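Take a look at the structure set out below.
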Amino acid sequence: MEARIFSSESRCESKSVNHNSDNHDECSNAKIGCTESIFSHDFASLAQSMAHSAEEFVRQVWLRGWQLVQFAQLPAWMKDNDFLVRGHRPALNSYWSCAKSIFRIHTETGNIWTHLLGCVLFVTIWGSFMFIATESIQWQDKLVYSAFFTGAVICLGFSCVFHTLSCHSLKVSRFANKLDYAGIAILTIGSFVPYLYYTFYCDFSAMIGYLSLICILGVMSICVSMLDVFASPRFRSVRAGCFIGLGLSGAIPATHYAVFAGWHSAVEDGSFGWLVLMAVLYISGALLYALRIPERCFPGHCDIWFQSHQIFHVFVVAAAMVHYYGIAKLSDYRLSRGDCKPDQPLNFTRT
């Protein structure tokens, strides 16, 4: 009897000891888990704090050195549009600071990005045209189209460079401004090359004559663009008029084509309608730029977005795309007719 009681008590003590040991192990494991959890939480907090500090440091370094100013605070050589009251960059005198300003919001942000994205767009289309569509397009056609793409990329690229560096210094701003105007003339010349090539595909003399005329007028415009006085704000209307006149010179070969081929053929086959739409976009944008609309009507309300220069930039990209579509239609029509007949140089029919 006593032996059974002793055995029972021993089992109870053994269970108690085992239970206490299990509890101790659980407690130890819990403490280790808590310690790991606390360590993990502290490490995550430290990492987050360091990341935030690094981000703030980069932001401070990025923004260090200049703040936006009002028009009245600008140096005389930077004053161009007095209807844009606030949000101007000061004179930076640093290429790196000018480059960083691309990613900040100011009066030139829209001007920079509209033509930067447009430039990337035409580089992409150009690359696709040259390296993807290789089977159905001859090298002569690629060369002719490349004149247009080159003009578009140079024009939009020079414009982006000017609006980025316009706050650097007087010397750099003037030089970049000259490149900007020269780019417009180069785009105009490049745009006419494929149009005249396919319009007068069977009349070599007319093709060369009109190409020579456009090139001469374009080179004259570039030479005028290199003059310092031409870049001053008081010649804004003269600048717009000069380039409008250069663009309108294309009306001469377009009329020539329409007279010999007939107006219906000029519109349906010669992409005359697309040419007119392109001209309307260019001229409308240039007029808005020259008249400073809409900021003239709402001074101080178009400082950052929807100012005339931005609208002009959008119209330029749109007009270039319209022209690309028009010459694509024109080239398809011309190449589908086959070779020219020796006895009919123009291959036109009077109507």
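The values are calculated or read from the model by the stated rules, or taken from the named source; none is laboratory data. Just so you know, these numbers come straight off a predicted model, no measurement behind them. Heads up, the Cβs are rebuilt from the backbone with ideal geometry, glycines too, and the neighbour counts pull from every protein chain shown.
To keep it simple, each residue is scored yes or no on (1) in contact with a Cys (Cβ under 9 Å, 6 or more places away or on another chain); (2) at pLDDT 90 or above; (3) among the β-branched types (Val, Ile, Thr); (4) more than 24 Å from PHE149 (Cβ to Cβ).
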position: ILE189; (1), (2), (3), (4): yes, yes, yes, no
position: ASP203; (1), (2), (3), (4): yes, yes, no, yes
position: CYS215; (1), (2), (3), (4): no, yes, no, no
position: ASP228; (1), (2), (3), (4): no, no, no, yes
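Pairs needed: first member in the stretch 188-207, more than 14 Å from TYR324 (Cα to Cα); second member anywhere, part of a helix (DSSP H, G or I) and among the basic types (Lys, Arg); C-beta distance under 7 Å; at least 6 residues apart or different chains.
Qualifying pairs under 7 Å: TYR201/ARG334.
So how many residues does the stretch 150-173 have that are in contact with a Cys (Cβ under 7 Å, 6 or more places away or on another chain) and either among the aliphatic types (A, V, I, L, M) or in a loop (DSSP other than H, G, I, E, B) (or both)?
Number satisfying all stated conditions: 5.
Does GLY151 satisfy being under 21 Å from the mean Cα position of the chain (by Cα) and either closer than 24 Å to HIS106 by Cα or among the acidic types (Asp, Glu) (or both)?
Answer is no for this residue.
Give the stretch 105-128 a look and list any residue that's in a helix (DSSP H, G or I), under 24 Å from MET78 (Cβ atoms) and of a type in the set (Val, Ile, Thr), or say none.
THR109, ILE112, THR114
Condition check ((1) among the aromatic types (Phe, Trp, Tyr); (2) assigned by TED's automatic domain parsing to the domain that holds GLU295; (3) buried (at least 16 other Cβ atoms within 10 Å of the Cβ); (4) free of Cβ contacts under 8 Å to residues at least 12 places away in the same chain) across all residues:
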| site | (1), (2), (3), (4) |
| --- | --- |
| ALA76 | no, yes, no, yes |
| ASN81 | no, yes, yes, no |
| LEU84 | no, yes, yes, no |
| HIS88 | no, yes, yes, no |
| ALA91 | no, yes, yes, no |
| SER94 | no, yes, no, no |
| SER97 | no, yes, yes, no |
| LYS100 | no, yes, yes, no |
| ILE105 | no, yes, no, no |
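For the stretch 262-285, does any single residue satisfy the condition of being hydroxyl-bearing (Ser, Thr, Tyr) and closer than 26 Å to SER101 by Cα?
The answer is no; no qualifying residue exists.
Residue by residue, here is whether (1) of a type in the set (Ser, Thr, Tyr); (2) closer than 20 Å to MET78 by Cα; (3) crowded, with 18+ Cβ neighbours inside 10 Å; (4) at pLDDT 95 or above holds:
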| residue | (1), (2), (3), (4) |
| --- | --- |
| SER136 | yes, no, no, no |
| TRP139 | no, no, no, no |
| LYS142 | no, no, no, no |
| THR150 | yes, no, no, yes |
| CYS155 | no, no, yes, yes |
| HIS163 | no, yes, yes, yes |
| SER166 | yes, yes, yes, yes |
| LYS178 | no, yes, yes, no |
| TYR181 | yes, yes, yes, no |
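Please go through the stretch 149-179 and give me each residue that is touching a residue at least 24 places away in the same chain (Cβ under 8 Å), more than 14 Å from GLY118 (Cβ to Cβ) and of a type outside the set (A, V, I, L, M), ordered by number.
If the condition is that a residue be touching a residue at least 24 places away in the same chain (Cβ under 8 Å), more than 14 Å from GLY118 (Cβ to Cβ) and of a type outside the set (A, V, I, L, M), then THR150, THR164, SER166, CYS167, HIS168, SER169, SER173, ARG174, ASN177, LYS178 are the ones that fit.
I'd like to verify a number: residues in the stretch 221-253 that are without any contact (Cβ under 8 Å) to a residue 40 or more places away in the chain, among the hydrophobic types (A, V, I, L, M, F, W, C) and within 16 Å of PHE192 (Cα to Cα), how many?
2
Confirm whether TRP263 is under 18 Å from LEU187 (Cα atoms) and over 22 Å from the mean Cα position of the chain (by Cα).
For TRP263, the condition - under 18 Å from LEU187 (Cα atoms) and over 22 Å from the mean Cα position of the chain (by Cα) - is not met.
Tell me which residues, restricted to the stretch 283-299, are among the aliphatic types (A, V, I, L, M), without any contact (Cβ under 8 Å) to a residue 40 or more places away in the chain and crowded, with 16+ Cβ neighbours inside 10 Å.
Residues satisfying the conditions are ILE283, LEU288, ILE293.
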